[in-house]
Amino acid sequence: MTTLGQTVARPPDAAPSAPGRRRASLVLALFVSVGALLVVVVLSIGVGSNNLAPSTVWNALVHGGGGEAELIVRHLRVPRTAAGVMVGAALGLAGALMQSLTRNPLADPGLLGVNAGAAFAIVVAIAYLDVHQLGEYVWFALIGAGVATVLVYVLGSTGRGAASPVRLVLAGAAVTAVLTGATSAVVLTNGIAFNGFRAWSVGSLDAVTSDVVWQVLPFVVVGSVLAVALGPALNAIALGDQLAAAMGAKVARIRVVGILATTLLCGAATAVAGPITFIGLVVPHVVRAFTGPDNRWILPFSMVAGAILVLASDVIGRVVLWPSELEVSVVTAVIGAPVFILIVRRRRLAQL
Amino acid sequence: MRHPHASPLRAQGLGRRGFLTAMGGGLAAVAVAGCTNSANDPPASAEPTSKGTSGTEPPSAFPVTVTHKFGETTIPAAPQRIVALGQTDCDPLVALGITPIAIGSFVEDWYDPIHPWNEQGFPDGRPEELNFVEVDFEKVAALAPDLITMVSGGITKKDYETLSKIAPVVAVPEGYTDSAVPYGPHTVVIGQAVGREEEAKALVAEVDAAYAAVREAHPDWAGLSAIHAEAYTGLYQVLGRNAPRTTFLTSSGFATTPDLDELTGDKYSLEISAEQLDLVGDLDLVIWTTDPGAVADIQKNPVIKRLAAVQEGHSIWMTYDKDDEFFWAMDCNTVLSGPYAIEHGVPLVEAALAGQSPLSEGA
């Protein structure tokens, strides 16, 4: 995306003497991460609340054969695994994007009102439009996320000057507060008890079916392409808006594309799994701890690491509360929090 | 009978997990000896007893003393102003021809305490509704009751003590959980409090006989497996064998399955993974509950529609909408709602066993 950030900032800590070696080790690390993701994918298809033998799982996966095993493997675990990878990658990537875009180390995808917008739209759909299927939630979630983001951007841009990171964050917090209140108001005053909404609002992959995966896949793909392409431009933004502009980066355009990508990624992820907030916050920090501040590496690594964290958490959640399941959002928080604390204690968070 | 699924306010406050945990905790102490056909027999050690009433006519019976889980309550004279605060406590009173001056309710727009089976008890219009979940003591006191019943729906010791300062209070009989007092002990303990124990027992016997008649008319139901399950978008629950709705099935001759019984234990309901739904779907009869307006969508749910009981039509579909009276008749499980559940439920069960996937009337 050289049209956006025409001058590519060199990653500040990449030792000029050995950029090649560092690059090689990062490429290797990326392959290792993808390998780890594949292992988790295999686990996700093999392990679940229903204790199927590995051979049964394999048969059901390859040959189908009808019956309970096929139902579980093909119609529950495979879509769920795909959704876990998608949601984790989207949230990890969106988190990294948000943190760079706003230069705020505590930024996460919820910050621009995306989650709140999606949740509000879904509640309205359930309450007034008789929507009860996850596949239908998706559209409302995307619309809600989009409207909330536009609202935040318009609010953050009014008045003098361009939208600064601080003003965007403040506008995001305000819009989130309003939408969260509105969501509660609908839930509390509407006659129907929102069991479906409650299940969704916790954040879970339990209900995902293949049609939902196909529905949101295009949004995640487009969002991911936009986000990863922004990597070089984000390196320029990291130097501050004025310096980035001085170097030829079109700051406003970068920010708009970044927000568009965030909205697509988070809207899709939130629609599928409900609001899972921790991934977007913690994954970029974990990644940054070993890639350094170069966004061209942080973004792809955040995708893979996010997918690993969400999927592994989901697998754990399936077995710890048998015969029920612990929601993936709960497990990610339980796993993610200690990791986060460890990183914060071990080294200062990489400066943005 | 608090409904884990049907209380948006509480769900908001605690979150789903916290809410369900709270429910589970509250119900963990359940010790009802409920099995097929015996769900309404009080445990031998905890039969509600009343002193000085047995065998005598009501008007001369007072004072009566009623035993319940918080001790004994003496009612000095025949009560005239009864507040039926427990969720379904008005039903035994209406059955005995008594109109309470106020009745308990969730006081939310998804709930209506007046049903086809008890509306004849209120010929002068709707009684005052009081929130039994969060009791407004001043409101109760302002009604100047001479008897308060708080048998179904649950009461804390603290609330019991506060209410006792207003008027004599009858609480849950010893040995039963707040959410699952069957119509037998429920009716008898309230009958005792108004000095009409014998009549109450006769009413209970009529309902027992009605269920016996159902079993007699359908000998083929004996031994068939059946269960209530709840399906929402991404949330599946199975009801315990002692939940009031389940006793409609067991009283009609159906049996719950040992593997489900083992999982649910004494819980009102249990959340299960989508991967475990065959535990429900393989049964001979499943009664599904979902959100009002969501039946068609849940039937299309790819996981639900592949279950045997759904594919073969051996499922009854209903919601907890206030117009879905069959749901509430089973869920209230009172001396008045039992016959309504039988009247409306038996044709539905017959249709389901014939593979017709019947829909409850209000759903």
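Residues that are under 23 Å from B:TYR176 (Cα atoms) and free of Cβ contacts under 8 Å to residues at least 60 places away in the same chain: list the strands (runs of 3 or more DSSP E) wholly contained in region B:221-273 that include at least 2 such residues. Quick ask: steps written out before the conclusion?
Details: elements: B:226-232, B:235-239, B:269-272.
Counting at least 2 such residues, we get B:235-239.
Suppose we filter region B:318-349 for residues that are more than 21 Å from B:TYR268 (Cβ to Cβ) and without any contact (Cβ under 8 Å) to a residue 60 or more places away in the chain; how many remain? Qualifying residue count for the region: 5.
Only one residue in B:VAL169, B:VAL204, B:VAL189, B:VAL151 is of a type in the set (Val, Ile, Thr) and touching an Asp or Glu at 6+ places or on another chain (Cβ under 7 Å), so which one is that?
Numbers: B:VAL169 fails: touching an Asp or Glu at 6+ places or on another chain (Cβ under 7 Å); B:VAL204 fails: touching an Asp or Glu at 6+ places or on another chain (Cβ under 7 Å); B:VAL189 fails: touching an Asp or Glu at 6+ places or on another chain (Cβ under 7 Å).
Answer to the selection: B:VAL151.
Please enumerate the residues belonging to region A:43-74 that are among the aliphatic types (A, V, I, L, M), part of a helix (DSSP H, G or I), out of contact with any Lys or Arg (no Cβ under 6 Å at 6 or more places or on another chain) and free of Cβ contacts under 8 Å to residues at least 12 places away in the same chain. Lay out the reasoning, then the answer.
Start the filter on region A:43-74 by keeping residues that are among the aliphatic types (A, V, I, L, M), which leaves A:43, A:45, A:47, A:52-53, A:57, A:60-62, A:69, A:71-73.
Filter once more, so that each one left must be part of a helix (DSSP H, G or I): A:43, A:45, A:57, A:60-62, A:69, A:71-73.
In the following step, the residues that additionally are out of contact with any Lys or Arg (no Cβ under 6 Å at 6 or more places or on another chain) were identified as A:43, A:57, A:60-62, A:69, A:72-73.
Correct list: A:VAL62 only.
Can you say whether A:ALA145 is farther than 30 Å from A:ALA245 by Cα and in a helix (DSSP H, G or I), as far as the supplied structure shows? Considered against the rule, which asks whether it is farther than 30 Å from A:ALA245 by Cα and in a helix (DSSP H, G or I), A:ALA145 comes out as no.
A count restricted to region B:119-159 and to residues that are under 13 Å from B:THR99 (Cβ atoms), in contact with a Leu (Cβ under 8 Å, 6 or more places away or on another chain) and among the acidic types (Asp, Glu) stands at 1. Once region A:129-143 is narrowed to residues that are of a type outside the set (D, E, K, R), within 12 Å of A:VAL216 (Cα to Cα) and at the interface with chain B (Cβ under 9 Å from one of its Cβ atoms), the residue that is surrounded by the most Cβ atoms within 10 Å (Cβ to Cβ) is A:TYR137.
Could you check, for region B:286-304, whether at least one of its residues is assigned to a helix (DSSP H, G or I) and more than 11 Å from chain A (Cβ to nearest Cβ)? Looking for residues that are assigned to a helix (DSSP H, G or I) and more than 11 Å from chain A (Cβ to nearest Cβ), one finds none in region B:286-304, hence no. Could we say that B:TYR160 is touching a helix residue (DSSP H, G or I) at 6+ places or on another chain (Cβ under 8 Å), surrounded by 20 or more Cβ atoms within 10 Å (Cβ to Cβ) and aromatic (Phe, Trp, Tyr) here? Here the answer is no, as B:TYR160 does not meet what is asked. Checked against the criterion of being surrounded by fewer than 24 Cβ atoms within 10 Å (Cβ to Cβ) and of a type in the set (Val, Ile, Thr), the candidates A:ILE279, A:ILE335, A:ILE237 yield just one match: A:ILE335. Note on region A:56-81: residues that are within 11 Å of chain B (Cβ to nearest Cβ) and surrounded by 15 or more Cβ atoms within 10 Å (Cβ to Cβ) amount to 12. Taking region A:298-329 as the range and being more than 14 Å from chain B (Cβ to nearest Cβ) and more than 30 Å from A:ALA238 (Cα to Cα) as the test, the residues that pass are A:LEU311, A:ALA312, A:SER313. Selection within region A:167-192: residues that are within 14 Å of chain B (Cβ to nearest Cβ) and polar (S, T, N, Q). The member of this set that is surrounded by the most Cβ atoms within 10 Å (Cβ to Cβ) is A:THR183. Residue-level check: of (1) under 30 Å from B:ASP291 (Cβ atoms); (2) in a loop (DSSP other than H, G, I, E, B); (3) in contact (Cβ under 8 Å) with a residue 60 or more places away in the chain; (4) in contact with a strand residue (DSSP E or B) (Cβ under 9 Å, 6 or more places away or on another chain), B:TRP117 misses just (4). Filter region A:26-55 down to residues that are surrounded by 19 or more Cβ atoms within 10 Å (Cβ to Cβ) and of a type in the set (Ser, Thr, Tyr) and give me whichever is modelled with the lowest pLDDT. Of everything passing the filter in region A:26-55, A:SER49 is modelled with the lowest pLDDT. The residues on offer are A:VAL319, A:VAL283, and the sole one that is out of contact with any helix residue (DSSP H, G or I) (no Cβ under 9 Å at 6 or more places or on another chain), touching a residue at least 24 places away in the same chain (Cβ under 8 Å) and farther than 25 Å from A:PHE140 by Cα is A:VAL319.
Answer yes or no as to whether B:VAL238 is of a type outside the set (Ser, Thr, Tyr) and closer than 17 Å to B:GLU343 by Cα. Before you say what the answer is, go through the steps one by one.
Details: of a type outside the set (Ser, Thr, Tyr): yes; closer than 17 Å to B:GLU343 by Cα: no.
Judged against the criteria, B:VAL238 is not a match.
List the helices (runs of 4 or more DSSP H) inside region A:249-345, counting only whole elements, that have at least 1 residues being charged (D, E, K, R) and within 17 Å of the chain's Cα centre (by Cα). Please lay out each step first, then the result.
Working: elements: A:251-273, A:278-291, A:295-320.
Passing ranges, in order: A:278-291, A:295-320.
Being surrounded by fewer than 19 Cβ atoms within 10 Å (Cβ to Cβ), outside any loop (DSSP other than H, G, I, E, B) and more than 20 Å from the chain's Cα centre (by Cα) is the filter here, so list the residues in region B:121-141 that pass it. Walk me through how you get there before you give the answer.
Here is the first cut: in region B:121-141, the residues surrounded by fewer than 19 Cβ atoms within 10 Å (Cβ to Cβ) are B:122-126, B:128-129, B:131, B:133-134, B:136-139, B:141.
Then drop every residue that is not outside any loop (DSSP other than H, G, I, E, B), which leaves B:128-129, B:131, B:137-139, B:141.
Within region B:121-141, B:GLU128, B:PHE137, B:GLU138, B:LYS139, B:ALA141 qualify.
Name the single residue that is modelled with the lowest pLDDT among those in region B:38-73 being assigned to a strand (DSSP E or B) and more than 22 Å from B:GLY97 (Cα to Cα). Going through the qualifying residues, I end up with B:LYS51. Residues in region B:274-287 that are without any contact (Cβ under 8 Å) to a residue 60 or more places away in the chain and either surrounded by fewer than 22 Cβ atoms within 10 Å (Cβ to Cβ) or closer than 23 Å to B:PRO358 by Cβ (or both): 7 in all.
Scanning for something within 14 Å of chain B (Cβ to nearest Cβ), part of a helix (DSSP H, G or I) and either of a type in the set (A, V, I, L, M) or under 17 Å from the mean Cα position of the chain (by Cα) (or both), does region A:149-163 turn up at least one residue? Spell out the reasoning first.
Taking region A:149-163 as the starting set, the residues that turn out to be within 14 Å of chain B (Cβ to nearest Cβ) are none.
There is no residue in region A:149-163 that is within 14 Å of chain B (Cβ to nearest Cβ), part of a helix (DSSP H, G or I) and either of a type in the set (A, V, I, L, M) or under 17 Å from the mean Cα position of the chain (by Cα) (or both).
Number of residues in region B:312-350 that are β-branched (Val, Ile, Thr) and part of a helix (DSSP H, G or I): the value is 3.
The values are calculated or read from the model by the stated rules, or taken from the named source; none is laboratory data. Remember, it's a predicted structure, so these values are computed and weren't measured experimentally. Cβ coordinates were reconstructed from backbone atoms using ideal geometry, including for glycine residues, and neighbour counts include every protein chain displayed.
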